[in-house]
Amino acid sequence: MKNEHEHNHPQGISTDPNHVHTYDEQGRMTCCSLEEKIYTQANAKELLIARPAAKKNAKSHDENDHNHSHEHDHEHGHSHDHDHNHDHGDASDWKVYIPAIFSLVMLLIGIALDNYIENSFFEGYVRLGWYIVAYYPVGFPVMKEAWEAIIRKEFFTEFTLMVLATIGAFVIGEYPEGVAVMLFYAVGELFQSAAVNRAKNNIKALLDIRPASASVLRSNTYQEVKPEEVQIGETIQIKAGEKVPLDGEMLSERSSFNTSALTGESKPKTIEKGEQVLAGMLNLDKVIEIKVSKKFADSSLARILDMVQNATTRKAKTELLIRKFARVYTPIVFFLALALVFIPALVVENYVFKDWLYRGLIFLVISCPCALVISIPLGYFGGIGAASRNGILFKGSNYLDLITKVNTVVMDKTGTLTKGVFKVQEIVTESLDKDEFIRLVAALESKSTHPIAKAIAEYTSDKKSVTVADIEEISGHGLKGKVDDKEVLAGNLKLLQKFKIGYDKAIEEIVETIVVVAINGKYAGHIIIADEIKEDAVEAIKEMHKNGVIQTLMLSGDKNSITQKVAKTIGIDTAFGDLLPEHKVQKVEELRKDPSKVTVFVGDGINDAPVLALSDVGIAMGAMGSDAAIETADVVIQTDQPSKIATAIKIGKATKRIVIQNIVLAFAVKVVVLLLGAGGLATMWEAVFADVGVALLAILNAVRIQRMKF
């Protein structure tokens, strides 16, 4: 499947306000990127022009498409149906309301002259001309849209329906009602535009945090350049109050940063020398220097922008169903309206064409599917926005839907439920001096990125140069290599068993994590390492059970004794230790065989990527997680807090409730008024309420999710 950025747009993104998007049969844009539409509706066109290049690599979520066997619907589409892609201007600017205000004043004066003020001039062509003037400011833009839609061979759009209904009202002399229908429709469109802008403010906020320039050290002076032009390894300077433009390693001693743009957490974070600083963080303390570790397009900030912007391209099944339904429903009701006008002439005595035409016009007004087509995508986008404010990034509204059905949560241990920050607790050697023992092991472990290896490498203060060669990482076992011409093995007990090296069986009873070491083919000792359980891990499991999760499992490559101890402490239902990456895949495959189980896997490492892709919903821990895990996952938790898993489920359920409420509300009111209209009991005013009124109520309901606390 094509990535959204790969659709044909040879001349780049169109920023022409009059540009009309074109789509293929599946609803995918064929003219340019979906980003233009999102930026335009978020009133951020000026940021669109200088936007960062989207990531185009082989790990793209859309290109891989996960190969999921379940029905993840990755159909690309736009944020709502093509009928709504006209530009209403900035709904926060009072000037866009002037045409509607003018029409309202003219309409109210007209109604007053018709019913309350005795006069002899307000009749005939004067009356008709008055209401035409009232109609024009709100009616002409819609007539223009209807004409453009007809040119595109799109006959059954809301614009066509509204133009036919209102002109029909004028034909039968119901001038005030014709103006009222178009006026309320125009006001409804403005409200929709305002609601969409509000729902998408999180995107604009993310765009606004993107630094415009970076101060890079070149030729012994700091030069201001675009972040995209800075190379890996260069040094950049960030002053107090400035945003970090690129990911990098802290060269200064320390500073405090506001990380809320990335994690949703308002508490400042202190970062020390040598630690990672991420693009989008706000430097709070003093002037600092950072060594750039990633290009801008690969930075955390660019990745978040890409995820949130592309979230709307992956539609929930409800959203796709409504869009397809609207395409069928609108022409059906249109032809029913025609039938309602002409068939009674064959069967009804005293047939009055004007009366039945009025009923048909009511049908046309009610048939507009605005409430569904706008409010449902808006509900899902509100859910994605609410999640991002809580440090949770959903890669599509389909995952918001799917996470509500989750009943089984499978979690990795290290980095997911525990902090993954290991400390050396004890060193036990057989005969070798402890300092020499730790020097050899630390030299070997310094070549690995595993948290345990880092803990050992950082433990020793002996910085004497050593020669390390022939490094071999044995997956699920440990490391092998030559240190100062000595063959050193460091890893778990399976590593010694693999090389048939004998050891004291008493160490198998040690519950804590241990690294066993063999030097020149003989057992030399072991190092005891301790990890710390995350503060919110226990509460996370309780909240999951409260929110419909029946079973929690923990899969770990760590030894089974420590895995079971952590599981018991946290309250995990079932735990498995001593697992290689392929064993984790097997365990999840076994769960997937049961059709009643909808499975989430939560992980953070490169070795978790296959399981994240296999599960129904893959959740990655984003702050410490590997790029492979984040790219493969469907949901990313920016704060690395396991309690956010339950929060994600809550947000998904709240979104689904709102979407269902909107569907029921829209259908119930429309069916009632359609029946009343067909029976001659409803007027055009009730029809306006059934269309515009219900759309506004549905929109107000949809934006509620942005105010909810989770």
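The values are calculated or read from the model by the stated rules, or taken from the named source; none is laboratory data. Only a predicted model underlies this, so the values are computations on that prediction, with no experimental measurement involved. Cβ sites come from the backbone with ideal geometry, for glycine too, and all protein chains shown count toward neighbours. Keep in mind that these areas ignore ligands, DNA and RNA; they rest on the heavy atoms of the full protein, side chains included. Shrake-Rupley method; radii C 1.70, N 1.55, O 1.52, S 1.80 Å.
Below are the figures for this structure:
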| read-out | value |
| --- | --- |
| Cβ-Cβ FRET estimate between V352 and K95, R0 fixed at 35 Å, reported to 0.05 | 0.20 |
| Label-zone membership for segment 496-531, site S561, 7 angstrom Cα→C-beta point, backbone N under 11 Å | 505-514 |
| Rough spin-label spacing in nm, given labels placed 7 Å along Cα→Cβ, for E509 and V171 | 9.5 |
| Sequence of R704, R439, R152 from largest to smallest accessible area, 1.4 Å probe | R704, R152, R439 |
| Stretchable slack from I132 to H545, in nm (0.36 nm times residue separation minus alpha-carbon distance) | 142.5 nm |
| For segment 353-487: relative contact order, % (alpha-carbon pairs under 8 angstrom, 6 or more apart) | 13 |
| Solvent-accessible area per residue, Å², over segment 647-710 with all protein chains present [probe radius 1.4 Å] | 44 |
| Solvent-accessible area per residue, Å², over segment 437-551 with all protein chains present [probe radius 1.4 Å] | 50 |
| Solvent-accessible surface (1.4 angstrom probe) belonging to D470, in square angstrom, nearest 10 | 110 |
| Length gained when the stretch V421-K482 is fully extended (0.36 nm per residue, less Cα-Cα span) | 19.3 nm |
| Inter-centroid distance (Cα atoms) of segment 517-572 relative to segment 343-392, Å | 54 |
| Full-stretch length increase - L338, I150 - with 0.36 nm per residue and alpha-carbon distance subtracted | 65.8 nm |
| Heavy-atom accessible surface of segment 542-668: percent carbon and sulfur, 1.4 Å | 57 |
| Members of K447/K650; K500/K568; K419/K584; K95/K239; K395/K447 lying beyond 30 Å, as alpha-carbon distances in this model show | K447/K650; K500/K568; K95/K239; K395/K447 |
| Simple label model, 7 Å out from Cα along Cβ direction - V225 to Q276, nm | 2.4 |
| Relative contact order of segment 429-558, defined on C-alpha pairs under 8 angstrom at six or more residues apart (%) | 18 |
| Distance in nm between pseudo-label sites at K434 and Q586 (7 Å out along the Cβ direction from Cα) | 4.0 |
